[in-house]
Ligand SMILES: Nc1ncnc2c1ncn2[C@@H]1O[C@H](COP(=O)(O)OP(=O)(O)OP(=O)(O)O)[C@@H](O)[C@H]1O
Ligand SMILES: [Mg+2]
């Protein structure tokens, strides 16, 4: 039977993508033979989460989609977005980097508005939109501060707002919630789901937190290392409930345990997760 999704246009496709850093005895395989397709779902994007041990190539995968060196271009294989080979970075793809990079001499507000300035948006509109985004990520009252005056978690939220304000069709997030305390982290998870529904963008979200991957993802890409590779793609239900209450459900605990087990053992693809109806 044909999966109806297969008839939809492809948004991001990897065909046997391999990235090797260095040559000769120094050569290091970052990812090997990674293939997948994410379709353009009408009226809503897909939220893909990516999990795997440190060094398995999660950032490499995101940065190839973003078209950013030195990860891009891949050594072999094809990386395609919007039906065309990826050749360079573009406004249609926004990356919230693992090492969030803010401009130290600009205020919170100006950092959030920076990309809009590059696009020639007028000063007053930039200000209005940046104020709105500062509020959305819980930075109201800190708009005039400089990055050095902020905690790591606050800096990370500036970086998230600075990317989301540009409304990229494809949003690439590399451990964006890593520096957040648990309470703010749960709030940001809810916020991300809400914004994602509003913006209809497709999200690739890297995380080390298995619960976060399961809570946020429509699909979870599980990777393994040496060489970095995509082992399996797991379909998960996304509950329409806040993360705190989902975490208390036994089916969710069971899913988490099973995914953790597969990650720890770097086990080969082992099929559907428990409790999931195909
Ligand atoms: N610029 C680079 N030059 C050489 N090797 C690199 C470079 N960037 C990454 N690598 C190597 O490629 C592999 C994958 O790295 P990558 O950063 O994609 O992993 P990751 O899954 O994001 O890890 P982490 O969870 O620690 O962020 C690693 O072995 C790493 O050492
Ligand atoms: Mg990384």
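What follows is calculated from the coordinates using simple rules that are stated; it is not laboratory data. Keep in mind it's a predicted model, so treat the numbers as computed, not measured. Cβ placement follows ideal geometry from the backbone for every residue including glycine, while neighbour counts extend to all protein chains displayed.
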Compute log10 of I(q)/I(0) for region 237-278 with the Debye formula, placing one identical point scatterer on every Cα and leaving out solvent, at q = 0.18, 0.27, 0.33 Å⁻¹, to two decimals. -0.57, -1.00, -1.17
Using just the Cα positions, wrap region 39-97 in a convex hull and report its mean projected area in square nanometres, one decimal place. 4.9 nm²
Per-residue Cβ contact counts at 10 Å, fewest first, order 133, 251 as 251, 133
Mind jotting down the three principal axis lengths of region 145-209 based on Cα atoms? Whole angstrom, largest first. 33, 25, 17
When the scattering of region 159-256 is computed by the Debye formula from its Cα atoms alone, each counted once and equally, what is log10 I(q)/I(0) at q = 0.12, 0.15 Å⁻¹? -0.41, -0.64
Using the Kirkwood radius over C-alpha pairs as Rh, can you work out the diffusion coefficient of the chain via Stokes-Einstein at 37 °C, viscosity 0.692 mPa s, in µm² per second? 167 µm²/s
Work out Dmax and Rg for region 39-190 from the C-alpha atoms and quote the Rg first, both in angstrom. 16.2, 48
Tilt, helix 108-118 to longest principal axis of the chain (alpha-carbon atoms), in degrees rounded to tens, equals 80 degrees
Could you line up 107, 60 from fewest to most neighbouring Cβ atoms inside 10 Å? 107, 60
Assertion target for 218, 240, ordered by fewest C-beta neighbours within 10 angstrom first, is 240, 218
Can you give the Rg/Rh ratio of region 215-264, where Rg is from the C-alpha atoms and Rh is the Kirkwood radius? 1.03
Return one number: the angle in degrees, 0 to 90 and rounded to the nearest 10, between the long axis of the Cα atoms of helix 152-164 and the longest principal axis of the Cα atoms of the chain. 90 degrees
If you take the Cα Rg of region 3-128 and divide it by 2.2 N^0.38 Å, with N the number of residues, what do you get? 1.27
Take region 77-124, drop everything but the C-alpha atoms, weight them equally and run the Debye formula without solvent; then report log10 I(q)/I(0) at 0.13, 0.25 Å⁻¹ to two decimals. -0.47, -1.03
